[in-house]
1. Can you tell me which residues in segment 113-139 are touching a residue at least 60 places away in the same chain (Cβ under 8 Å) and either farther than 19 Å from Pro31 by Cα or among the polar types (S, T, N, Q) (or both)?
2. Looking at Ala150, Ala107, which is the one that is within 24 Å of Cys30 (Cβ to Cβ) and exposed (fewer than 15 other Cβ atoms within 10 Å of the Cβ)?
3. Can you name every residue in segment 20-45 that is within 11 Å of the chain's Cα centre (by Cα) and either part of a helix (DSSP H, G or I) or aliphatic (A, V, I, L, M) (or both)?
4. Going through Val114, Val143 one at a time, which residue ends up being in contact with a Lys or Arg (Cβ under 8 Å, 6 or more places away or on another chain), open to solvent by less than 70 Å² (accessible area, probe 1.4 Å) and assigned to a strand (DSSP E or B)?
5. If we scan segment 63-70, do we find a residue that is open to solvent by 30 Å² or more (accessible area, probe 1.4 Å) and modelled with pLDDT under 95?
6. Within segment 1-56, which residues are in contact with a Lys or Arg (Cβ under 9 Å, 6 or more places away or on another chain) and modelled with pLDDT under 95?
7. Could you please give the count of residues in segment 83-104 that are in a loop (DSSP other than H, G, I, E, B), open to solvent by 50 Å² or more (accessible area, probe 1.4 Å) and among the aliphatic types (A, V, I, L, M)?
Amino acid sequence: MSRRSSRPRQTSAASVRIAPATAITPASPCPCGLSATYADCCGRLHAGAAAPTCEALMRSRYAAFVVQDAAYLLRTWDPDTRPPVIDFDPAMRWVRLEILATTDGSAFHTTGTVTFRAHYTHDGRPDSLNEQSRFVRHQGDWVYSTAVFAD
């Protein structure tokens, strides 16, 4: 979910950060779809724990879009491809994540991919983003590198 593409429409760099449609608390179900609380799942990664696999990083980055944690998204983005800022579209609400496939991306690999479908609404209209994200190791940690949109 690079959010650098023109799909869906981005707001300008001067956009205002708004609260997510539904407040996520530490006790809330994790937005990534796993059966754990936000605090026990992606919340701990957002707080600084390292993702053990590229799928865990992908899930935590999706959750970061849900809770609008720009600092985490930038911190987990490969410095060679990272944008200077993250803009959140106030008309977009992330609804659900489906992991479709993974390749490599474990403790024994230096690269990996995650193919996923992220469901969202934009101005109240449902849609989805299909992407294959590529992850690499940077200073020992998994980071998001690039993506190919699969429509």
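The values are calculated or read from the model by the stated rules, or taken from the named source; none is laboratory data. These numbers were taken from a predicted model, which means no experiment stands behind them. Cβ atoms come from the backbone with ideal geometry, glycine included; neighbour counts cover every protein chain shown. In case anyone asks, the SASA skips ligands and DNA or RNA and just uses the protein heavy atoms, side chains included. Shrake-Rupley method; radii C 1.70, N 1.55, O 1.52, S 1.80 Å.
1. Of everything in segment 113-139, those that are touching a residue at least 60 places away in the same chain (Cβ under 8 Å) and either farther than 19 Å from Pro31 by Cα or among the polar types (S, T, N, Q) (or both) turn out to be Ser133, Phe135, His138.
2. Of the residues listed, the single one that is within 24 Å of Cys30 (Cβ to Cβ) and exposed (fewer than 15 other Cβ atoms within 10 Å of the Cβ) is Ala107.
3. Cys42
4. Numbers: Val114 fails: in contact with a Lys or Arg (Cβ under 8 Å, 6 or more places away or on another chain).
Going through Val114, Val143 in turn, the sole match is Val143.
5. No, segment 63-70 contains no residue that is open to solvent by 30 Å² or more (accessible area, probe 1.4 Å) and modelled with pLDDT under 95.
6. Met1, Gln10, Pro20, Ala21, Thr22
7. Residues meeting the conditions: 1.
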